[in-house]
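Structure, as structure tokens:
The values are calculated or read from the model by the stated rules, or taken from the named source; none is laboratory data. As the structure is a prediction and not an experimental result, all values here were calculated from the model. Positions of Cβ are backbone-derived with ideal geometry, glycine not excepted, and every protein chain shown enters the neighbour counts. Accessible surface is based on the protein model in full, side chains and every heavy atom, while ligands, DNA and RNA are left aside. Shrake-Rupley method; radii C 1.70, N 1.55, O 1.52, S 1.80 Å.
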Protein chains: 2
Amino acid sequence: MKENRDTISSLGEFGLIERLRAACPEGSSPDVIVGIGDDTAVLRLDDRHALLATCDIQVQDVHFRLETISPEQLGRRAMAVNISDIAAMGGSPTYALVSMALPPDLPLATFDGIFEGMRAQMAEYSAGMIGGNLARTTGPLVIDVFMMGRIAIGHLVTRHGARPGDDIYITGETGRSSAGCAVLDKYGVSFPDEFADAVLAHRRPVPRVKEGTTIAQSGAATAMIDLSDGLAADLAHICRESNVGAEMYEAKIPCSTTVREIASALGENCRHYILYGGEDYELLFTARPEAEQEIQRIAGVCGTPMRKIGRILPPDGGIKLVEADGTRVDLHAAGWNHFTV
Amino acid sequence: MKENRDTISSLGEFGLIERLRAACPEGSSPDVIVGIGDDTAVLRLDDRHALLATCDIQVQDVHFRLETISPEQLGRRAMAVNISDIAAMGGSPTYALVSMALPPDLPLATFDGIFEGMRAQMAEYSAGMIGGNLARTTGPLVIDVFMMGRIAIGHLVTRHGARPGDDIYITGETGRSSAGCAVLDKYGVSFPDEFADAVLAHRRPVPRVKEGTTIAQSGAATAMIDLSDGLAADLAHICRESNVGAEMYEAKIPCSTTVREIASALGENCRHYILYGGEDYELLFTARPEAEQEIQRIAGVCGTPMRKIGRILPPDGGIKLVEADGTRVDLHAAGWNHFTV
């Protein structure tokens with residue numbers, strides 16, 4: 001897209017968010033524990049409890065295609081990406097409101113399917129839809145979910161607690177969702193069977209609620225974020241909010257056989273998906289070195305791999321990728337950026 | 001719009017909402033005091049306090065035109081319509097999250113103006129923006145606001161408390177906003193000066209927060225709603241939720257000179273705006289006859305007219321308009337309906 005200094009595309013999503021943040025100073029109320037700039041806002045309810053609040057807007061043909069995802073999957077996905085933000089603070093989802101801008105010729109079966117998916121996804125956490133708003137649009141289908149959650153204030157994990165010397169962990173693995181998305185773009189719904197698990201990761205992301213709450217309750221994590229923008233970009237978010245640098249060891253970052261095969265089939269570098277592909281909804285978190293045993297205990301409890309993939313550096317260390325041969329390169333924060341990609 | 005039994009346009013906005021309501025049974029949690037089907041959802045925070053939560057999605061060229069409203073007015077409006085929903089429960093706004101789907105060529109000055117308007121509108125109530133989400137769209141600009149508010153549970157006023165014999169009141173007057181919208185549609189921004197107050201009512205609605213909270217705290221109202229869909233449609237919402245009928249006296253419904261003049265200039269019946277025009281954001285409420293003096297005291301305190309325009313009937317009384325000559329006609333609930341109008 002051609003940049004124009006007078007339009008929003010000149011700033012990109014993160015530039016726009018920073019602009020808003022400057023215009024909306026937090027701390028006007030002592031009840032705002034976390035305002036703009038983290039996975040969710042955090043509001044004090046009483047001395048011990050906080051309300052989490054987040055939203056995520058998804059636009060047809062930007063975030064999803066009705067041709068390559070079922071209505072139920074789309075509904076689940078719209079909820080899952082918000083639930084993931086709640087999980088990234090260490091919280092549990094409670095209630096959602098749903099806004100939709102609907103093209104009038106949307107099939108009723110699609111509408112019903114989307115809400116059935118939303119309901120089913122929320123039910124997995126005993127969470128529910130309590131309101132919303134429907135409007136007509138002349139453009140693409142837009143689904144916007146507002147999700148609330150709860151957390152004990154003492155368990156809250158933000159993006160800004162990482163300290164030099166902390167280890168960097170991820171749950172599960174990255175790259176599958178963006179590789180699956182690339183498969184759908186290339187082959188449509190008639191994709192090769194061997195890519196099915198990546199396509200499923202894209203269509204049906206699983207938010208890491210049990211992992212997030214267990215990590216948070218253990219007190220082991222110093223900072224946490226969910227991987228929505230891509231590993232490189234989301235690590236950069238933690239570094240910026242914590243005012244630290246980081247190094248990530250490429251050899252330690254898990255890469256599934258499927259992602260390798262997709263990269264090979266599409267003539268793409270694996271890194272493209274693993275470092276810069278977004279929408280994995282895994283958790284990226286930091287912890288003191290002495291917490292390693294505790295984290296592996298949690299990984300066992302949850303049945304989810306939690307791999308140490310890097311280390312937090314002082315701010316002047318930059319954000320580096322250590323390649324397999326030891327070469328250090330800048331890890332450009334080139335993940336999803338909705339206005340310039 | 002042509003109806004098609006297989007698309008959402010066959011059901012209309014209210015039909016779709018009823019469909020969702022059936023699919024999302026409330027009461028799965030004792031914390032949900034009010035779920036889908038009122039101005040806002042109401043969540044119990046503790047024995048005495050509740051959280052209000054609502055959202056309102058606005059689509060370019062459906063709800064607003066960038067050609068006929070300034071960015072600041074648009075931002076204020078997006079907040080005001082949500083604040084009005086909070087006021088209709090008797091509550092005060094506290095925090096908002098904002099989602100936007102942005103065309104990449106949107107001028108940065110427009111983006112900044114919208115947020116400046118939002119910030120200014122919230123600041124009037126010492127309320128603030130604490131989060132949001134921005135995405136790219138290939139279609140029209142979409143602004144979705146998620147608004148939270150607070151209320152003492154004992155002061156809550158819903159749509160379902162109206163009882164036969166109650167009087168029906170409105171604050172201010174209706175029809176100005178829809179008449180102002182019609183003026184903009186007809187003349188563009190070069191409209192005759194004498195229509196300016198109606199255009200302003202459309203561009204810059206004022207939510208009735210002081211009125212709503214004062215009415216709620218007095219305990220005088222049995223049911224309340226804000227006029228977003230139009231007087232006829234919103235009265236029908238109260239009647240349906242309260243399982244009652246109603247009669248409204250046309251001669252008692254205030255109609256400004258401006259609305260009469262606009263109706264005359266555009267060859268339209270006044271009723272079109274007063275009964276069926278939406279987006280007035282006045283409050284429509286019901287109260288026992290013995291509360292009349294208290295309501296006039298509140299009107300004086302707020303400096304806002306509160307006029308008695310009708311009476312609640314038993315359910316079999318239907319919803320009637322009593323014309324100036326005493327003729328009783330059905331008051332069709334033909335206000336805004338985003339999918340069939």
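Structural remarks
- Residue in region B:273-291 that is closer than 16 Å to B:ALA162 by Cβ and among the basic types (Lys, Arg) present: yes
- Which listed residue, of A:ARG288, A:ARG328, is under 30 Å from A:GLY15 (Cβ atoms), out of contact with any helix residue (DSSP H, G or I) (no Cβ under 6 Å at 6 or more places or on another chain) and of a type outside the set (A, V, I, L, M, F, W, C): A:ARG328
- Highlighted here are the strands (runs of 3 or more DSSP E) found entirely within region B:140-238 that include at least 2 residues which are farther than 24 Å from B:ARG297 by Cα and in contact (Cβ under 8 Å) with a residue 60 or more places away in the chain: B:142-152.
- Scanning region A:8-48 for residues that are modelled with pLDDT of 90 or more and among the hydroxyl-bearing types (Ser, Thr, Tyr) yields a total of 1.
- Matching residues, region B:304-330, being within 20 Å of the chain's Cα centre (by Cα) and among the small types (Gly, Ala, Ser): B:GLY310
- Set B:LEU134, B:LEU141: member being on the phi < 0 side of the Ramachandran plot, modelled with pLDDT under 95 and open to solvent by less than 20 Å² (accessible area, probe 1.4 Å): B:LEU134
- For A:VAL206: the one exception among (1) of a type in the set (Val, Ile, Thr); (2) open to solvent by 20 Å² or more (accessible area, probe 1.4 Å); (3) over 15 Å from the mean Cα position of the chain (by Cα): (3)
- Index of the failed condition, A:GLY37 passing every other in (1) open to solvent by 10 Å² or more (accessible area, probe 1.4 Å); (2) more than 11 Å from chain B (Cβ to nearest Cβ); (3) in contact with a Lys or Arg (Cβ under 9 Å, 6 or more places away or on another chain): (2)
- The lone criterion from (1) more than 29 Å from B:ALA50 (Cα to Cα); (2) assigned to a helix (DSSP H, G or I); (3) more than 7 Å from every other protein chain (Cβ to nearest Cβ) left unmet by A:SER9 is number (3).
- Test for A:ASP112: is it open to solvent by less than 20 Å² (accessible area, probe 1.4 Å) and not hydrophobic (A, V, I, L, M, F, W, C): no
Residue by residue, here is whether (1) farther than 23 Å from A:PRO107 by Cα; (2) in contact with a strand residue (DSSP E or B) (Cβ under 6 Å, 6 or more places away or on another chain); (3) more than 8 Å from chain A (Cβ to nearest Cβ); (4) surrounded by fewer than 21 Cβ atoms within 10 Å (Cβ to Cβ) holds:
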{"residue": "B:LEU16", "(1), (2), (3), (4)": "no, yes, no, no"}
{"residue": "B:CYS24", "(1), (2), (3), (4)": "no, yes, no, no"}
{"residue": "B:LEU43", "(1), (2), (3), (4)": "yes, yes, no, no"}
{"residue": "B:ASP56", "(1), (2), (3), (4)": "no, yes, no, no"}
{"residue": "B:VAL59", "(1), (2), (3), (4)": "no, yes, no, no"}
{"residue": "B:LEU66", "(1), (2), (3), (4)": "yes, no, yes, yes"}
{"residue": "B:ARG77", "(1), (2), (3), (4)": "yes, no, yes, no"}
{"residue": "B:ALA88", "(1), (2), (3), (4)": "yes, yes, yes, no"}
{"residue": "B:GLY91", "(1), (2), (3), (4)": "yes, yes, yes, no"}
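- Annotation: of all residues in region B:45-54 being more than 9 Å from chain A (Cβ to nearest Cβ) and of a type in the set (A, V, I, L, M), the one that is surrounded by the most Cβ atoms within 10 Å (Cβ to Cβ) is B:LEU52.
- Selection of region A:254-271 for residues being open to solvent by less than 60 Å² (accessible area, probe 1.4 Å) and at pLDDT below 95 yields A:PRO254, A:CYS255, A:SER256, A:CYS270.
- Index of the failed condition, A:PRO93 passing every other in (1) in a loop (DSSP other than H, G, I, E, B); (2) over 23 Å from A:CYS181 (Cβ atoms): (1)
- Selection from region A:280-315 of residues that are surrounded by fewer than 24 Cβ atoms within 10 Å (Cβ to Cβ), of a type outside the set (A, V, I, L, M) and under 14 Å from A:THR174 (Cβ atoms): A:THR304, A:PRO305, A:ARG307
- Members of region B:165-198 that are within 17 Å of the chain's Cα centre (by Cα) and closer than 13 Å to B:TYR273 by Cβ: B:GLU173, B:THR174, B:GLY175, B:ARG176, B:SER177, B:SER178, B:ALA179, B:GLY180, B:CYS181, B:ALA198
- Within region A:183-200, tally of residues that are open to solvent by less than 20 Å² (accessible area, probe 1.4 Å) and closer than 24 Å to A:ILE83 by Cα: 2
- Count of residues meeting criterion [within 7 Å of chain B (Cβ to nearest Cβ) and hydroxyl-bearing (Ser, Thr, Tyr)] in region A:126-160: 2
- Filtered residues of region B:101-122 (kept if at the interface with chain A (Cβ under 8 Å from one of its Cβ atoms) and either over 21 Å from the mean Cα position of the chain (by Cα) or within 20 Å of B:ILE33 (Cβ to Cβ) (or both)): B:ALA101, B:LEU102, B:PRO104, B:ASP105, B:LEU106, B:PRO107, B:LEU108, B:ALA109, B:PHE111, B:ASP112, B:PHE115, B:GLU116
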